1. Given the criteria out of contact with any helix residue (DSSP H, G or I) (no Cβ under 6 Å at 6 or more places or on another chain) and polar (S, T, N, Q), does A:Ser203 qualify?
2. Name the residue that is modelled with the lowest pLDDT, counting only residues in segment B:7-33 that are among the polar types (S, T, N, Q) and under 24 Å from C:His168 (Cα atoms).
3. Does segment C:411-432 hold any residues that are crowded, with 17+ Cβ neighbours inside 10 Å and either at pLDDT below 90 or assigned to a helix (DSSP H, G or I) (or both), and which are they?
4. Quick one: C:Tyr122 ticks every box in (1) more than 24 Å from the chain's Cα centre (by Cα); (2) within 11 Å of another protein chain (Cβ to nearest Cβ); (3) buried (at least 20 other Cβ atoms within 10 Å of the Cβ) except a single one, so which number is it?
5. Where residues in segment A:179-238 are among the β-branched types (Val, Ile, Thr) and part of a loop (DSSP other than H, G, I, E, B), which of them is farthest from A:Pro303 (Cα to Cα)?
6. Identify, by number, the condition in (1) at pLDDT below 95; (2) closer than 24 Å to C:Lys441 by Cα that C:Ser329 doesn't meet.
7. Scan segment A:33-47 and tell me whether some residue there is modelled with pLDDT under 95, within 13 Å of chain C (Cβ to nearest Cβ) and either under 30 Å from A:Ser111 (Cα atoms) or surrounded by fewer than 13 Cβ atoms within 10 Å (Cβ to Cβ) (or both).
8. Quick one: which residue in C:Ile84, C:Ile142, C:Ile108 is buried (at least 20 other Cβ atoms within 10 Å of the Cβ), more than 7 Å from chain B (Cβ to nearest Cβ) and either of a type in the set (Lys, Arg) or touching a Ser or Thr at 6+ places or on another chain (Cβ under 6 Å) (or both)?
Amino acid sequence: MAKKQAEIPDFAPIPEELEAHLGEPSTVTGKAARALLHRYPVWPVLKFFAHKRVPQYRHSYWYMMGGMLLFFFGIQVVTGILLMVYYQPGSPWASVNYIVNEVPYGALIRSIHHWSANLMVLTVFLHLFSTFFMKAYRRPRELTWITGLGLAGLTMLFGFSGYLLPWDELAFFAVRIGISELEKLPLLGEWAAGIARGGSDVSQETIGRFYALHVMVLPLSVMGLIGLHLLLVQIQGVSEPDGFRKLPASQRKYRNFFSDFLIAEIPVWLMMGALLVLLSALMPRELGTEADVFAAAPDGIKPEWYLLAPYQGLKLFPGSLELLGMLVMGLVPMALVVVPFIDRQIPADARGRLVTKIGVLGLIGFVLITAWGFFS
Amino acid sequence: MMALDWLVLSAEALPIPSPDPLGLAAPPVLLQALAYLTFTLHILAVDFTLGGVLLSLWARWRKLPGHASMTRFWRLSTPLGFSYLVTFGVPPLLFLQVIYGQFIYSSSVILGAMWIATVPMLIFAYGALYLHKLSHEARPRWQLPVLLSSAIVMLLVGFVLVNNITLSMVPERWAALYHASPGGVSSNLGEPTLFPRYLLFMSAPFVIAGMVMVMVGAVLKRWKETEKARQFSSLGWSSMVLGRFLLVLTGALLLWSLPPEIAAKVSAGGMETLFFALGLLLAMVSTGLVFQASRLARLDLSIAALVVASLEAAAFIMLRDQVRLDYLAPHFQLNELTVNAQWGLFGLFAVSLVVGLVFLILVTIRVARGLLAARAQ
Amino acid sequence: MNYPVWNVPGIGAGLVVAIIATIHVLISHFAIGGGAFLAVAEFWSDRQADGERIRAWLHKFATFFLVFTTVFGAVTGVGIWFSIQLASPEATSLLIHQFVFAWATEWIVFLAELSVLYLYYYGWKTNSRSFQRFLAAAYFVIAWFSLFVINGILTFMLTPGSWTLQNHDIAGAFFNPGFWPALFIRTAVMMLIAGLGAMLVASRLHDDALKARIVSFSAKWVIPAALLVPLFGYWYWSTLPGSSIDLFQSGATGVGGGKMASINRFFWLSVISGGLIMVSTMVIALRPKALHTSAAVALMLLALFGVVGAEFFREMARKPYVIKDTLYSNALWVHDATPEQLAQPYFSASRWEPETQPLSLEHGEWVYRLQCATCHTLNGYRGLKGYTAQWTPVSGVRFLETLEAQGVMPPFQGNVDDRAALTSFLLSLDPERAIAGSDVKILYEQAQEAQQAPQAALPFVGSLLLAAERGAQGAKEGLR
């Protein structure tokens, strides 16, 4: 057998240690696997993937957040493409109204897109905070952390840009307020706001820009950045928290990412998929009245919940202090970017513990300000 | 005595729903009998469980001699007791709804928030008993708070039930309560009989759980655990005496708080007098029996005491229903109800009752034999 | 209105019932299927070389099973009853009065089920092997019989068969057209949930080899059952009334109060959840030792979502009735819904409203409370503020006039004043659109007159309507 293969040019021999995993050569799958591997000797790639393992302890479910984000992103891509089939940036509200009221299951797809976006942002927060509190950003994973922050920012931008597209009353005024906050920034504020709006106010011009951003620029950037983020994780392996490292080797248990961890993740993803349908069935996304550019803003216009914290936080700085407020708001992402370079010691030293405490305060503040914004 | 100014309201203005168009599936007396039987079982299970939890807390708190085996006994038996108190609570409410549906549904809606809150409360109190049982080795420090919270929640559930039953008897109060809170965030705190009634119900657990402890004491005596037997019997007797004292007190309070013309019926020589006198007589007999049982550590006497106490409970339950009929007399008469008897289905029910009970008795005997044989070894 | 209506702000009484009921349905099916699982696993363990080891696990399963089904299952069962008597006292009363001895029989069955479970569990060490097997099997048979009884009453509500309020045909009511298919669906579903429950308990095992065996054994309960459900579902479908099918078919488009009937959405929720349970279980079966507790919990949640979909479907299929063709969901008897009776002033028939000024906001609010609040909230679930966002005073009154034409709602009870008061109340939920009830009535009457005017006047109708709306605007200004 081996001899025969050797006679065929470019037919790669399969290493011994791989043979054990391929199943009986007599079975269909065994045959197919061997035939493929002879032609495409990908075992260095397989090996590269096989080494990833996930530490197993009480809180190891936090390691599922990244996979879940990928799942939600997949849902967004699929439902987004379906919505694009009928959406027309030239007549935004009418086309969404058509999707909602005429297209079979259009309302369901739109609701799923809406709920998936919300759960995706929520999962971004969970992923970010769990990574932060496990101190997984420390050396040598600084770049992974920064790409993750970039992805979080892009996710917010996704939400903000998608929110305008239906062109209903709430969307219009929320985006108008959002961009006018941007406009107040010193130096580049007015310029950036002008670019975003395509004029001095939010108009149908803005739709074109947001649409291009939402369906081309952002998806491509996110896909690229996700690829990089995952590649870095794959190269360095999953970070282990200090408590786990301290354990004697005999008590440190791992699960192989491929395929034990992944197999356990699949039901969780699918459950999330069904949850999206449940939420869409119970609370379908409704379409408001068409935006009237000349109308006065109705009461109680607020951005989506995930942008409430900066929006409401700015209200703590009234009048001339507003600039200071923007500075403070701007410092939060900056602080997150530099944290791996401040908190470096493994296991955590006094500074590391201080960073954790600040993080806890930050989280509490974030939740409180968001809740304040929600109920005010 | 209270003035009954609310009775002056004309009955026509009261929002009493019309009775169900289908009528009763059996003569009222049959439904009443079934309700009395099952409600007696419910009350016994409540008294066993709630009394057991309270005595267990008391024994642990006072570090009574032998409290470890007492708490063990109640730890193992109260989850079962709770299970049966829920199960036996169902049929009396079912028959109550058949006879008095238009009253109990209305009062339930008016107390809606409270009424629905009993569901999570029951789950909590019940779950806490299992947590108490299953975690006693792993988490000894949880024991006291878990048991205490279960007891408090059980007491609250009882309060809701008494609120609802008392409100169902006074349609005069419904409109004002409902208009003030259509979401059902109301209570019947204005009812003069509410607290006496509630406290009466909450006194009986000391009697029944005390009698059970006397009975367990007698069993322990047979098993030659003399010291433990004495401890069980002693706490059981004290608890029974306390319970009897509280029952007399709260019973007197309840009589005094009843509207005078209804209270008068208790001594008027009618059904009310009969049930009241019967109840008192049985109470005295059961007290005498349990006294002898605890003194002589006799199992047969302690079982007899429990049986007589159950009959006593049944007598007072029948008195309670008579009082309800007296309350409702201006709006409701049993003999005015339409009966569309379903004898076929009743037969099915009766057959399944007999078959079910015979089957259960047979299998229980077999399992009990196995358990006792294992103990003997 | 015979009974008071329980007004739960934000979620509504119906959703309170639904929350309790879906939890109960999941657990009660587990309580029956789990009995079958116990019985089969008893026999299975006897045929395994390491039967003792499997039975040690089985004891863990039994502990979980007992606590979970008795605490959550039994009490939520009572909870459904407590909640339906708040949400629909009239319907509950009907079910209780018609089926009182069926309920009583059900209770005996439950009593026996519970007692046998305790005898099985507490006799674990002392009962003989054959007696344990007997008790486990007896438990399952008794528990399944409790499903048999309750199923007759549940399916009666949607397909009452030959039963009517007059003939009291209880055999026809119990063995109604939906009885057998629903019984088969539920039997398959409980086997599925039993397998998922066993996987959940097995996911805690540290011994990978034993875990893999038990998970594979449990997966064999899930997959066949998941295949059978659509088969029985098709049978069930064939027994549904035409009105339910119409409702379903109109449901592929629209949202909220529009055309996309929620029955359709919930149908897909149950189909998707069922399919995903199937896929997940097959993935797990490929590598059973990989089953992590989070995955097992996710599978249970999928089952819960499936139950939510199916039970909501069943509820929605009855619209606008709670007892098909007999009692509307807001406790209006079909025999009372004659045009003459419906046109009477609403408060002449209802008993539970306080004194209100005709056409006042309170008038409208109490019409809402007694007639709409069984199903609708103001701002939350099925919120009327959102549903009436496009209303004008005239369109509102007209909508109420032909409420039953929606196919999902009972006819409106009351006269023009009641409709105008309700419209005024609903519009006033949005302060921008607040309008007095008397103004609504004037606008409506003007619009009616305009419509009845001769054909030649038609071009003016539009301007008249416009004038009427302006009048409303003016009246609003005047009010301020």
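The values are calculated or read from the model by the stated rules, or taken from the named source; none is laboratory data. Just so you know, these numbers come straight off a predicted model, no measurement behind them. Note that each Cβ is placed from the backbone with ideal geometry, even for glycine, and that neighbours are counted across all protein chains shown.
1. Against the criterion (out of contact with any helix residue (DSSP H, G or I) (no Cβ under 6 Å at 6 or more places or on another chain) and polar (S, T, N, Q)), A:Ser203 qualifies.
2. Step by step, filter segment B:7-33, then rank; the result is B:Ser18.
3. Across segment C:411-432, the qualifying residues are C:Val416, C:Asp417, C:Asp418, C:Arg419, C:Ala420, C:Ala421, C:Leu422, C:Thr423, C:Ser424, C:Phe425, C:Leu426, C:Leu427.
4. (3)
5. A:Val238
6. With (1) at pLDDT below 95; (2) closer than 24 Å to C:Lys441 by Cα applied to C:Ser329, the lone miss is (2).
7. Going residue by residue through segment A:33-47, those that are modelled with pLDDT under 95 are A:33-47.
Those still in the list that are within 13 Å of chain C (Cβ to nearest Cβ) too: none.
No, because not a single residue in segment A:33-47 is modelled with pLDDT under 95, within 13 Å of chain C (Cβ to nearest Cβ) and either under 30 Å from A:Ser111 (Cα atoms) or surrounded by fewer than 13 Cβ atoms within 10 Å (Cβ to Cβ) (or both).
8. C:Ile84
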